[in-house]
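Asks: Okay, handing you the structure first.
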Amino acid sequence: MYKYPVAEPEIGEKELKNVIEAVKSGWVSSKGKFIEEFENSFARYIGVKHGVATSNGTTALHLALAALGVGPGDEVVVPDLTFAATINAVLYVGARPVIVDVDPSYWCLDPRELEKAITERTKAVMVVHLYGHPCDMDAIMEVAERHGLYVVEDAAEAHGAEYRGRKVGGFGHVSCFSFYGNKIITTGEGGMCLTNDEELAERMRVLRDHGMDPKRRYWHNVVGFNYRMTNLQAALGIAQLSKIERFVEKKRMIARWYAEELSSVKGIALHPEMPWAKCVYWLYSILIDEEKTGLSKDELAQRLQGYGIETRNLFYPLHEMPPYQGYATSSYPTSSAISRRGLSLPSSVKLEEEDVAFIAQRIREAIKG
Ligand SMILES: Cc1ncc(COP(=O)(O)O)c(C=O)c1O
């Protein structure tokens, strides 16, 4: 147990009250009043018409690709720097992932690399708003539209993030969110697909429920999945959603505190935020230049651990890991460097200014030696 964990949910009386109500009602599986309410309220928050709640963020990604008809023979472009669920979803539908590098200034899929990776087989691109920073959606959508690609936004880490004043999750054909315990709002496990396309939403609902014909029970026209969210999860989600604006602002406040404390430390690059972006800093992360700090990232992590401060490495580049090596198409200098140098710091909404000051002070001391 860490005194300062990287992530920790804030769950209170409201969540408890809703979950108790769901339990007492007997609607504990995937029927019940909270599910639709959560779908509608979350979709409204992001500014998208339809919400399809799922059992987790990974099933949301799989469901989205399956409903778009992506499959064998298709190529799907993914960024090298992301959680494995993004590329796994491509493999689940039998398509071929094509891994591309990220932009050095904000760590997300580089639209220029997307353009270079397109072939006549490319069907879709999955853009990941990494660590809460939005992708450059104008550039992505321009390339995608020119080449007739589907755009799936993996917004698992970016609830409430904005690109040029508009929330992410509303740009692509479909977007996918995660409500895992360390995410900006949580339902324990949980996820959601959002889309403005009514037919696509309906296909996702059918596929989510075993592919069963909604008008003819136990009749299946397609092979589907059981990817439903439970009423218990949705009960938790509604309570969390009522606090989302406070959570997002707190994440941004924590980022400002870290930035004030660490901006003058030589060898540390702060978590970026582009002028066109509202980053929600899912996990506040820094890049460490070992030559300038004189301290390895692992050593720093170990010193901090001694004070009860948890840190976490950034994701490993996909192209380096055994299941995905075969999908590398070029070299990946940017994602490799960011991954090698990156460290996520405690980012829970429960942190206060003195906690961040304490953590930053320990970082400064460690670096000074
Ligand atoms: C970028 C990204 N995509 C997908 C997922 C998968 O979500 P889940 O853990 O809810 O399956 C996560 C997080 O876990 C993630 O960080």
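Only the coordinates and a few stated rules stand behind these numbers; no lab work does. Please read all numbers here as calculations on a predicted model, not as lab measurements. All Cβ positions, even for glycine, are placed from backbone atoms using ideal geometry, and neighbour counts span all protein chains on display.
Asks: Could you tell me what fraction of 2.2 N^0.38 Å the Cα radius of gyration of the range 1-63 comes to, as a two-decimal ratio?
Replies: In units of the 2.2 N^0.38 Å rule of thumb, it is 1.40.
Asks: What is the projected area of the convex hull of the Cα atoms of the range 1-137, averaged over all directions, in nm²?
Replies: Computed as one quarter of the Cα hull surface, the answer is 11.5 nm².
Asks: In addition: What's the angle, to the nearest 10 degrees (0 to 90), between helix 137-147's Cα axis and the longest principal axis of the chain?
Replies: 50
Asks: Taking a virtual spin label 7 Å from the Cα of residue 197 along the C-beta vector, which residues in the range 91-133 bring their backbone nitrogen under 16 Å of it?
Replies: 122-127
Asks: To continue, here is another question. Report, in debye and to the nearest 20, how large the dipole of the range 284-369 comes out about its Cα centre when Lys and Arg carry +1 and Asp and Glu carry -1 on their Cβ.
Replies: I would put it at about 140 debye.
Asks: Which FRET efficiency, nearest 0.05, do residue 290 and residue 142 yield, Cβ-Cβ r, R0 35 Å?
Replies: 0.40
Asks: Rounded to the nearest 500, what is the 222 nm mean residue ellipticity of the chain from helices alone, with -39500 (n - 2.57) per DSSP H run of 4+ residues and division by all residues?
Replies: On the way: 13 runs with 144 residues, N = 369.
That comes out to -12000 deg cm²/dmol.
Asks: Let me ask something else. For the range 1-59 and the range 311-358, what is the centre-to-centre distance using only Cα atoms, to the nearest Å?
Replies: Using only Cα atoms, the two centres lie 27 Å from each other.
Asks: Reachable aspartates and glutamates from residue 14, Cα under 19 Å, same-chain residues fewer than 8 places away excluded?
Replies: Qualifying aspartates and glutamates at Cα under 19 Å: 36, 37, 39, 189, 245.
Asks: Place +1 on the Cβ of every Lys and Arg and -1 on the Cβ of every Asp and Glu in the chain, take the dipole about the Cα centre, and give the residue among 356, 322, 206 whose Cα lies farthest towards its positive end.
Replies: 206
Asks: Given the options 52, 23, 128, state which has the largest fluctuation in a GNM of the chain using a 10 Å cut-off (strictly under) for Cα springs.
Replies: 23
Asks: Determine which aspartates and glutamates satisfy two conditions relative to residue 33: a Cα distance under 18 Å, and not lying fewer than 8 residues away in the same chain.
Replies: 15, 21, 209
Asks: Too long at a 25 Å Cα-Cα cut-off: which of 183/250; 31/215; 17/215; 49/250?
Replies: 17/215; 49/250
Asks: For a quick check: sort 131, 4, 316 by the number of other beta carbons within 10 angstrom, fewest at the front.
Replies: With the fewest neighbours first, 131, 4, 316 line up as 316, 4, 131.
Asks: Say a paramagnetic label sat at a point 7 Å from the Cα of residue 24, along Cα to Cβ; which residues of the range 209-234 have their backbone N under 16 Å from it?
Replies: Label zone hits: 232.
Asks: Take every DSSP beta bridge with both residues inside the chain and express the antiparallel ones as a percent of the total, to the nearest 5.
Replies: Just about 55 percent of them are antiparallel.
Asks: If one takes the longest principal axis of the Cα atoms in the chain, at what angle in degrees, from 0 to 90 and to the nearest 10, does the Cα axis of helix 231-241 lie?
Replies: Tilt of helix 231-241: around 50 degrees.
Asks: Here's something else I'd like to know. Cysteines of the chain lacking any other cysteine beta carbon under 4.7 Å?
Replies: 176, 193, 279
Asks: List the GluC sites (Glu not before Pro) in the range 1-91 that DSSP assigns to loop (not H, G, I, E or B) and whose Cβ has at most 16 other Cβ atoms within 10 Å. Which are they?
Replies: Listed in order of number, the matching sites are 10.
Asks: Quick one: 253, 321, 229, fewest Cβ neighbours within 10 Å first, how do they rank?
Replies: Least crowded to most crowded, the residues run 321, 253, 229.
Asks: Here is a follow-up. Taking N as the number of residues in the range 72-210, what is its Cα Rg relative to 2.2 N^0.38 Å?
Replies: Its radius of gyration relative to the 2.2 N^0.38 Å reference: 1.00.
Asks: Can you find, among 46, 127, 173, the residue farthest towards the positive end of the dipole of the range 24-182? Put +1 on the C-beta of Lys and Arg, -1 on that of Asp and Glu.
Replies: 46
Asks: May I ask for the Rg/Rh ratio of the chain, computed from Cα atoms with Rh as the Kirkwood radius, given to two decimals?
Replies: Values: Rg = 20.7 Å, Rh = 21.1 Å.
In the chain, Rg relative to Rh is 0.98.
Asks: Let me ask something else about it. Where in the range 237-253 does the label zone of residue 353 land, with the point 7 angstrom along Cα→C-beta and an amide N cut-off under 19 Å?
Replies: The answer is 246-253.
Asks: Using +1 on the beta carbon of Lys and Arg, -1 on that of Asp and Glu, and nothing else charged, what's the dipole of the chain about the Cα centre, debye to 20? Let's see the in-between values first.
Replies: Working: 43 positive and 49 negative charges, 165 e Å.
For this selection, approximately 800 debye.
Asks: Related question: Taking 7 Å along the Cα-to-C-beta vector as the label spot, tell me the residue 33-residue 364 distance in nanometres, rounded to one decimal.
Replies: About 5.3 nm separates the two model spin labels.
Asks: Rank these for me by crowding, 176, 135, going from fewest to most other beta carbons within 10 Å.
Replies: With the sparsest Cβ surroundings first, the list reads 176, 135.
Asks: Roughly how tilted is helix 13-25, in degrees to the nearest 10 and between 0 and 90, from the longest Cα axis of the chain?
Replies: 30
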